[in-house]
Every structure is written in C-alpha cells, then in structure tokens.
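The values are calculated or read from the model by the stated rules, or taken from the named source; none is laboratory data. Everything numeric in this text was worked out from a predicted model, so none of it was measured. Using ideal geometry, Cβ is built from the backbone for each residue, glycine included, and neighbour counts are taken over all protein chains shown.
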Amino acid sequence: MLIASIILLLSFAVLVWGADKFVYGASGLAKNLGISPLIIGLTIVAMGSSAPEIMVSANAALKGATDTSVGNALGSNITNILLVLGVTTLVRPLLYLRQHSTEKCQFYSVLHYWPGGY
C-alpha cells in the first residue's frame with residue numbers, strides 16, 4: 001500500500017510537471033510565430049488541459065470499452081462548461097436582458113423547424 005501511494009504521488013507530480021512544460025513550450029512557440037495571446041489561450045492551453053482526458057478515452061476505445069470513452073467525453077465537457085460558467089458567475093455575475101432572450105428563442109425556434117434541422 002505504501003509503495004502504491006508513493007508511485008501515485010510521483011506519477012501525479014510528473015503529470016503536473018509534464019503538462020506545465022508542454023503548455024509553456026507550446027505557448028512560447030506560438031508567441032514566436034506571432035500568434036495572439038487570445039488564440040494561444042483558447043487553443044494550446046485548452047488542448048494541454050484536455051490531453052489526459054483524450055488519453056483515457058483513446059485507451060478505453062482501444063480496449064473496446066466504448067461506453068467509458070463516450071462517458072468520459074460527455075462528462076468532461078459537461079463538467080468543464082458548468083465549472084467555467086459557475087466560476088465566471090462567482091467572479092462577475094452574468095448580465096441577463098429579456099430582450100436578448102426573446103430574440104434568441106425566436107432564432108432557435110426557426111432553426112428547430114428549418115428543413116434539415118439543426
């Protein structure tokens with residue numbers, strides 16, 4: 001049990017170190033290529049934070065556990081969306097305008113009944 005705990009802690013430390021180096025290197029490369037910091041943040045950093053989930057899903061799919069692969073993808077996306085919205089709302093409340101809500105509902109209603117669907 002002690003050896004397993006030590007291996008787990010060392011693996012976690014190496015994972016954090018590797019992810020940090022990956023994101024730092026990819027961000028530096030993108031800056032050298034002249035890519036804006038916004039694009040770097042939206043793509044490279046997001047990819048670096050999703051890499052463990054991608055590996056788990058790929059490993060599950062290769063072993064034939066497609067339900068685990070799909071569940072991991074759906075669960076991680078739902079969690080990411082809800083956590084980002086929740087933390088953002090804690091920092092700065094979202095502005096809600098009824099006019100925008102009505103316009104969006106009408107737009108999505110038209111899309112829903114459009115031939116071919118959305």
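If you go through region 24-42, how many residues are hydrophobic (A, V, I, L, M, F, W, C), exposed (fewer than 12 other Cβ atoms within 10 Å of the Cβ) and not in a helix (DSSP H, G or I)?
From region 24-42, those hydrophobic (A, V, I, L, M, F, W, C) are 26, 29-30, 33, 35, 38-40, 42; that's our starting set.
With exposed (fewer than 12 other Cβ atoms within 10 Å of the Cβ) added as a condition, the list becomes 33, 38-39, 42.
Filter once more, keeping what is not in a helix (DSSP H, G or I): 33.
So the count comes out to 1.
This table checks each residue for (1) exposed (fewer than 12 other Cβ atoms within 10 Å of the Cβ); (2) within 21 Å of the chain's Cα centre (by Cα).
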residue: Met1; (1), (2): yes, no
residue: Ala4; (1), (2): yes, no
residue: Val16; (1), (2): yes, yes
residue: Ala19; (1), (2): no, yes
residue: Phe22; (1), (2): no, yes
residue: Met47; (1), (2): no, yes
residue: Gly71; (1), (2): no, yes
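Report the residue count in region 90-118 for those that are in a helix (DSSP H, G or I) and at pLDDT below 80.
Here is the first cut: in region 90-118, the ones in a helix (DSSP H, G or I) are 90-91, 98-113.
Right, trim to at pLDDT below 80 and you get 98-113.
Count: 16.
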